[in-house]
Amino acid sequence: ARLEISRRYSLSIFQSIEYADEQDQAQVCNPQFFLYKQLCYSQSTNKMDTRLFLPTNSSSVSHEGDSYLTEYENIEVPDSYCGPRLSFPLTLADANALLHAFKNGQLLHAHYVLKLLCETKKVLKEKPNINVVSVSYSKEITICGKMPRKITNGLPSEKKPYVFNGDFVDRGQNSVEILIILFAFLLIYPNDVHLNRGNHEDYVINLRYGFSNEVFSKYKVHAKVILYVLQDVFSWLPLATIINKKVLILHGGISDTTDLDFLCSLERNKVRECIRVGTHRLSSSGFSELSRQNSQSGPTLKEWKQVMDILWSDPRMQKGCVPNKRRGGGCYFGPDTTARLFERYNLKLLIRSHEFKREGYELTHGGKVITIFSASNYYEEGSNKGAYIRLNPDLIPHFVQYQVRECTDKQNYWERVKTIERSALQILQEKIFAHRSTLTEAFEKHDCDNTGNISVSDWAAAMESVLCLELPWRTLLPHLAKTDPDGKVDYMSCFHNMEIAQSTEEVQPALVETLCKYRKELEVIFNIMDEDHSGLISFDEFRKTWRIFSSHLGIDAYDASIDKLAQSIDYNKDDYIDFSEFLEAFHVVHKRDKKPT
């Protein structure tokens, strides 16, 4: 029983922090997008400055219309390149060459990546917003949810069609390779490989969850143009698939206003990012101006909401349809909402993904809504099974579960649970430490006599008021803080086992804590600023960024503080900052894990 409790709260920690990150992302105050907008959008026109996405040696290229898609023509493939050399149209031999190369750790050259994306866009543009697919007994279809590390049901072919239900990127270190393989099979079998858009096929989300960083780390000088082209390709992904006119497959869910007829008719490529448009539109004061800005090329409010709902929504057992505040986007929809949509469109089944499920799938709404989650070991090895669905004309789903194990084969159940628990508690402790100042203020409000101790209920209330994770804080208390013989919580002990990787005593504490909290976002910002791809940021660039950053977050950071901060991490005193060292300096570590200096 104790192991089961540990397993449950560990998975709750992972999921709650994931949802909290999504909620932060869905708010305009997200600092990395604020800076990204400052860097990539002209303040006078609010239009994307494509030059920031293109290599410095391609400034003479015109990027009107779709001409940027031919950028690959300007990238030469050297004779020393030993990876796959693709020719189009692709064949199965090309796909196998890609699989072999990726298995051996090779990268596909940027020239071929961009050519592949160009061809993929051509195919996607010919697809309808909602794919209509038929299955037969000799040709059943396989439906995958969150992308697995490996396909266990055999590769796609004319006799083995697939629906991949979104979220192809942002998980693991091989999203680039997974995306290339999916697009390659789409080009080879355009009538048998069906790709639905997920909420992570969105460049704003990619900034936060790692895909942009992955592209920058792998393609460096060509990363910006690849990301820019990917924005366009993602916007052309179909929104849903319908099988035999009875089974609706989409990534997130539905709402009480979901209109499949309208979704079929809108210009889907106008909805390039749900988060940026959505969070602005939620503000009534900014609605009219944003509407004017987007009246020519951007989505209308109705178009945006229809797409947002199907990409971000989750089912719930209660009736009705309410905003999904936990994620910060989409809705929670009840069985009555499902029933009305089914009656209107004569549907039998809704298959969606978007949510972690320990067994790889879950049935809700009387079996009418299925969540399929194909990524095993999603949070940690051993944390969950993956699953996919096989569907033939009887439209009765056949579930196939699996779990890829690399390190846990020799572990028993107790050892696997403890591994998951340690990982979950570590990321929770890091989040707690990153909110140290705010948490300390919340604790002190309950400590009128300045004893350093408060009641368990007050401690739990303070934790939830600051972190908003909806976790069982009383159960987690023994793992997070110390208590005295009277049962009072020593609240500062929450921070005793954690510290910043490098000593920064002379730097303004608020600035250090902010750096610690937003270090992932800053990696993206520095990649954008690093025009020469040297990995170095000048003091002037650093000051400029931090003036914008601290102003946006309401932090009083004067030039002297910024200079002191920069100097503290300029280890070789050359007036440049190596931002990989910068990020490491502001990483939260367990004291027992800190490397000796």
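Descriptive notes on the structure:
- Number of residues in segment 439-457 that are in a loop (DSSP other than H, G, I, E, B) and of a type in the set (S, T, N, Q): the value is 3.
- Taking the conditions (1) in contact (Cβ under 8 Å) with a residue 60 or more places away in the chain; (2) at negative phi; (3) open to solvent by 10 Å² or more (accessible area, probe 1.4 Å) in turn, Lys139 satisfies each one other than (1).
- Taking segment 549-568 as the range and being at pLDDT below 70 and either open to solvent by less than 30 Å² (accessible area, probe 1.4 Å) or out of contact with any Pro (no Cβ under 9 Å at 6 or more places or on another chain) (or both) as the test, the residues that pass are Phe549, Ser550, Ser551, Gly554, Ile555, Asp556, Ala557, Tyr558, Asp559.
- When Asn384, Asn412 are screened for being of a type outside the set (Gly, Ala, Ser), free of Cβ contacts under 8 Å to residues at least 24 places away in the same chain and within 30 Å of Trp473 (Cβ to Cβ), only Asn412 passes.
- Within segment 462-473, the set of residues being at pLDDT below 95 and among the charged types (D, E, K, R) comprises just one member, Glu470.
- In segment 183-201, residue surrounded by the most Cβ atoms within 10 Å (Cβ to Cβ) [restricted to those that are over 16 Å from Lys122 (Cα atoms) and in contact with a helix residue (DSSP H, G or I) (Cβ under 6 Å, 6 or more places away or on another chain)]: Glu201
- The set of residues from segment 245-273 being more than 19 Å from Asp202 (Cβ to Cβ) and surrounded by fewer than 19 Cβ atoms within 10 Å (Cβ to Cβ) comprises Lys245, Lys246, Asp256, Thr257, Asp259, Asp261, Phe262, Cys264, Ser265.
- Residue count, segment 345-372 (criterion: at pLDDT 95 or above and within 12 Å of Tyr388 (Cα to Cα)): 8
- Residue within segment 276-290 that is farther than 18 Å from Asp21 by Cα and modelled with pLDDT of 80 or more present: no
- Matching residues in segment 430-457 - criterion: being within 34 Å of the chain's Cα centre (by Cα) and either under 21 Å from Arg2 (Cβ atoms) or open to solvent by less than 50 Å² (accessible area, probe 1.4 Å) (or both): Glu430, Lys431, Ile432, Phe433, Ala434, His435, Leu439, Thr440, Ala442, Phe443
- Residue ID - farthest from His111 (Cα to Cα), chosen from residues in segment 225-243 that are part of a helix (DSSP H, G or I) and of a type in the set (S, T, N, Q): Ser235
- Comparison of Ser42, Ser6, Ser16, Ser10 shows that the only residue that is of a type in the set (S, T, N, Q) and at pLDDT below 50 is Ser42.
- Qualifying residue in segment 334-357 (condition: on the phi > 0 side of the Ramachandran plot and of a type in the set (Gly, Ala, Ser)): no
- Residue, least open to solvent (accessible area, probe 1.4 Å), within segment 458-501, restricted to residues that are part of a strand (DSSP E or B) and under 15 Å from Ala434 (Cβ atoms): Met498
- Taken together, Lys224, Lys220 contain a single residue that is farther than 28 Å from Leu395 by Cβ, of a type in the set (Lys, Arg) and crowded, with 20+ Cβ neighbours inside 10 Å, which is Lys224.
- In segment 96-125, the residues that are without any contact (Cβ under 8 Å) to a residue 60 or more places away in the chain and open to solvent by 60 Å² or more (accessible area, probe 1.4 Å): Asn96, His100, Lys103, Asn104, Gly105, Gln106, Lys122
The values are calculated or read from the model by the stated rules, or taken from the named source; none is laboratory data. Everything numeric here is computed off the predicted structure, so don't read it as measured data. Positions of Cβ are backbone-derived with ideal geometry, glycine not excepted, and every protein chain shown enters the neighbour counts. Ligands, DNA and RNA are stripped out before the accessible areas are found, and what is left, the full protein with its side chains, is counted by its heavy atoms. Shrake-Rupley method; radii C 1.70, N 1.55, O 1.52, S 1.80 Å.
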